[in-house]
Amino acid sequence: MIFKDHFSIKAAAYAKVRPNYPPALFAEFARLAPGRALAWDCGTGNGQAAVGLAEHFTRVVATEPSAAQLAEAVAHPRVTYVLSAELAPGVADHSADLVTAAQAAHWFDLGIFYPEVRRVLRPGGLLAIWNYAVCSIDPLIDATLGHFYRETVGPYWPPERRHAENGYRDFAFPFREIVFPKLDLEVRWTADDFAAYLRTWSSVTHYTEALGLDPVAGLEPDLHRLWGHGRRPVVWPLGGRLGRVD
């Protein structure tokens, strides 16, 4: 499968402005995993999930096919970054307690990824794939953002985006399933913070490449007017799939 690189061009911005996952998510994975020796984070990007996992696991192998993303990765003494797509080179058979893919599995070739998951996980090992879709701020901002998401940049979303919108519910998932923890990702941002985040969307990048215009610039006057001064809570519900290998 050809690697579809939607994010390298904005790797530095992605590392700076993408929200971090709640620590409770990684604590729950650690609680459910059969051990805490090794976790593999696939499609790690700049290592947001990998660093969270390193608070609970002795060693984390974090793979990512984009060299630009890895150049922005957060260093951590228990995280080893490897340039790779759906494979975990150097990870021994049946040695991992946990495999994760945060905001990434919709880009994977599952025909490669799932067999590799079964290869590296020990019996009872855990696979967690998750994402977040559109956030919630307040009704007026949400309505404006919804129009931007669906109408302005909607035609420029890659087709895989639909999987991020439904928590991977239509994915084949050949593992013994566990209920995914019900958690939200939350930050407190200014309007400028939020606009910077929007500029990391793959659809915004593709819109700009196609038309030579920044679509966020057209949204910003309304965004600032509705947002007001100061910071607001921005909330994304997390959705995903969680399962064990037998």
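The values are calculated or read from the model by the stated rules, or taken from the named source; none is laboratory data. Note that the structure is a prediction, hence the values are computed from the model and not measured. Positions of Cβ are generated from backbone atoms using ideal geometry, with glycine treated the same way; all protein chains shown enter the neighbour counts.
For Val51, the criteria (1) modelled with pLDDT of 95 or more; (2) part of a loop (DSSP other than H, G, I, E, B); (3) within 24 Å of Gly239 (Cβ to Cβ) hold in every case but one, which is (2). Applying the criterion of being surrounded by 23 or more Cβ atoms within 10 Å (Cβ to Cβ) and assigned to a strand (DSSP E or B) to the residues of the stretch 80-121, the residue that is nearest to the chain's Cα centre (by Cα) is Ala102. A residue that is surrounded by fewer than 16 Cβ atoms within 10 Å (Cβ to Cβ), out of contact with any Lys or Arg (no Cβ under 7 Å at 6 or more places or on another chain) and either at pLDDT 95 or above or of a type in the set (Phe, Trp, Tyr) (or both) cannot be found anywhere in the stretch 6-13.
Listed residues Glu177, Glu165; which is within 15 Å of the chain's Cα centre (by Cα), touching a residue at least 24 places away in the same chain (Cβ under 8 Å) and over 17 Å from Asp41 (Cα atoms)? Being within 15 Å of the chain's Cα centre (by Cα), touching a residue at least 24 places away in the same chain (Cβ under 8 Å) and over 17 Å from Asp41 (Cα atoms) holds for just one of Glu177, Glu165, which is Glu165.
Taking the stretch 112-125 as the range and being out of contact with any Asp or Glu (no Cβ under 8 Å at 6 or more places or on another chain) and in contact (Cβ under 8 Å) with a residue 60 or more places away in the chain as the test, the residues that pass are Tyr114, Val117, Arg118.
Being crowded, with 22+ Cβ neighbours inside 10 Å, within 18 Å of Ala39 (Cβ to Cβ) and either over 16 Å from the mean Cα position of the chain (by Cα) or free of Cβ contacts under 8 Å to residues at least 12 places away in the same chain (or both) is a condition met by at least one residue of the stretch 126-149. Would you mind stating whether Ala172 is in a loop (DSSP other than H, G, I, E, B) and loosely packed, with under 15 Cβ neighbours inside 10 Å? It is true that Ala172 is in a loop (DSSP other than H, G, I, E, B) and loosely packed, with under 15 Cβ neighbours inside 10 Å.
Taking the stretch 44-60 as the range and being among the small types (Gly, Ala, Ser) and touching a strand residue (DSSP E or B) at 6+ places or on another chain (Cβ under 7 Å) as the test, the residues that pass are Gly45, Gly47, Ala49, Ala50, Ala54.
Once the stretch 16-29 is narrowed to residues that are within 12 Å of the chain's Cα centre (by Cα) and not polar (S, T, N, Q), the residue that is modelled with the highest pLDDT is Tyr21.
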